[in-house]
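To start, the structure under review is shown below, and the notes come after it.
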Amino acid sequence: MSRLLLLVLLLIGAVACTDGGGRTGSPGAGGGAAVVRVPQDAASVQQAVELVRPGGLVLISPGVYRESVILATPRVVLRGTDRTKVVVDGEFRRANGVTVTGAGSVVENLTVRNHLANGVLFTGVTDEHLRAGRAGGSAYDPLDTDRFPPLRGFRASYVTAYNNALYGIYAFDARSGVIEHSFASGHADSGIYVGQCRPCDTVVRHNTVEHNAVGLEVTNASEGLYLLGNRAVRNRVGLTLNSNDTEALGPQHGAVVAGNAFSDNNDDASPEQADGGFGIGAGVGGGRDNVLEHNLISGNRTAGVLLTDVQDHPALGNTVRANHVTGNGTDLVLATGTTGGNCFTDNAPRTTSPRNLPGCPATNRDGHDRDPVTGGLLPPLGQAPAPPVPPGVSFQDVPPPPAQPGMPAAASAPHRPAIGLPGRVDPGAFPRPERTDAVPRS
């Protein structure tokens, strides 16, 4: 969590989710309508989510909806009929676009933009901080997980989030979810963030994140967490797996990162994160027992993969294997002083730091990373000097993204609450991409 969050919270602390009817919904005991259409049945999205019954559908017609929405009713699907033309706009005045506290609820096929905190937030936090737009992160130091048990069941599909101050799609104190087929750009912290869950039982798949300070971010999120088949390109940093003492449920551990592209994360026309970081494909800061495999990691000016200790959290037991790591400032970096069973195998790097990285015991018993083609020892050339960190731009100034593919048959498809997620997960079904554009787009 960056210091930027604290600065933004000071700016929005007095901003309540009004201006458009941002009142907390009160789920009834089976009352309400099965389908509520906006604006045909309700003038605003917030009015619609207060009218719909548990398990119902809110269907939004094209328009710009200048409001903040709190969806507290369980198992509701909130769906736009047109991903690009249904827009929840914060006008750089309101904190969150859509906040979901109703278990099993869904946000799909719409755009959220121009908020002072988050585009879409899934969370178990339900007190006054939520109404003031401050749910998540350093608003709880750390979160009281007994007082705020995690939201169980959530899904974001075909969501476009851009130019929100902190996160595009944010799952905090939430588990048993899926974030898929979505796009996030222009965020001063990260495009997609999963934080404070154990076990997470969550899949982040088939998303594209561009022009953010960090593309995909994970903090204190552990066990049953999968990041599969995503494109994190042209950010300042592609992926981070972090442990953090200022938040609950640390240290982070047990994520699987497979079949992704982390490429060309050197974008100086993106927002600058307060904690810095630039030119890194995938970074593990104090994370443990994570697996990074079958990813394309290329063209990142500082490092392809960087493992390092943070605060009092060592990076322990991480496995980096069978990735295509090429054309980075230094392909693989195990930071000075980092110890604890991290291993590297079958990545075919050209440059490493230190010169001899520890191999994985199952395949490399001599403690060296080997070239999978020749079997010979790699030429360890050391670590290239890190490039200077360029200043960033305001999150408000990142250009809007192009239109993204919408959900098929959005106006008529059956609605599916977020029940029984994430279902069966097979990382092996996400092969290593051979090109940056080979990962399915959102």
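The values are calculated or read from the model by the stated rules, or taken from the named source; none is laboratory data. Keep in mind the model is a prediction, meaning the values are calculated, not measured. Glycine also receives a Cβ, built like all others from the backbone with ideal geometry; neighbour counts cover every protein chain displayed.
Just a few scattered comments:
- Of the residues making up region 299-329, those that are surrounded by 24 or more Cβ atoms within 10 Å (Cβ to Cβ), in contact (Cβ under 8 Å) with a residue 40 or more places away in the chain and in a loop (DSSP other than H, G, I, E, B) are 300, 302, 323, 328.
Residue by residue, here is whether (1) modelled with pLDDT under 70; (2) not hydroxyl-bearing (Ser, Thr, Tyr) holds:
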residue	(1), (2)
326	no, no
338	yes, no
352	no, no
401	no, yes
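- Residue in region 129-149 that is under 16 Å from residue 175 (Cα atoms) and modelled with pLDDT of 95 or more present: no
- Filter pass, residue 29 being at pLDDT below 95, farther than 24 Å from residue 114 by Cα and in contact with a Leu (Cβ under 9 Å, 6 or more places away or on another chain): no
- Region 74-129, subset surrounded by fewer than 24 Cβ atoms within 10 Å (Cβ to Cβ) and among the basic types (Lys, Arg), residue farthest from residue 399 (Cα to Cα): 75
- The listed residue being buried (at least 24 other Cβ atoms within 10 Å of the Cβ) and not in a loop (DSSP other than H, G, I, E, B), out of 193, 226: 193
- Within region 191-231, the set of residues being of a type in the set (Ser, Thr, Tyr) and in contact (Cβ under 8 Å) with a residue 40 or more places away in the chain comprises 202, 208, 219, 226.
- Scan of region 61-73 for residues that are under 14 Å from residue 112 (Cα atoms) and not in a loop (DSSP other than H, G, I, E, B), ordered by number: 63, 64, 65, 69, 70
- Residue satisfying all of: in region 32-53; modelled with pLDDT of 95 or more and in a loop (DSSP other than H, G, I, E, B); nearest to the chain's Cα centre (by Cα) among these: 44
- Pairs with Cβ under 8 Å, 6+ apart, first in region 136-148 and within 20 Å of residue 96 (Cβ to Cβ) and aromatic (Phe, Trp, Tyr), second at pLDDT 65 or above and surrounded by fewer than 16 Cβ atoms within 10 Å (Cβ to Cβ): 148/127
- Residue tally, condition among the hydroxyl-bearing types (Ser, Thr, Tyr) and in a loop (DSSP other than H, G, I, E, B), over region 266-298: 1
- Leading residue by the ranking (surrounded by the most Cβ atoms within 10 Å (Cβ to Cβ)) among those in region 330-340 that are in contact with a strand residue (DSSP E or B) (Cβ under 6 Å, 6 or more places away or on another chain) and not in a strand (DSSP E or B): 331
- Scope region 74-95; condition in a loop (DSSP other than H, G, I, E, B), closer than 16 Å to residue 59 by Cα and basic (Lys, Arg); matching residues: 75, 83, 85
- If you go through region 232-268 and pick out every residue that is in contact (Cβ under 8 Å) with a residue 60 or more places away in the chain and aromatic (Phe, Trp, Tyr), you end up with 0.
- Filter result for residue 177 (of a type outside the set (Ser, Thr, Tyr), surrounded by 24 or more Cβ atoms within 10 Å (Cβ to Cβ) and within 10 Å of the chain's Cα centre (by Cα)): no
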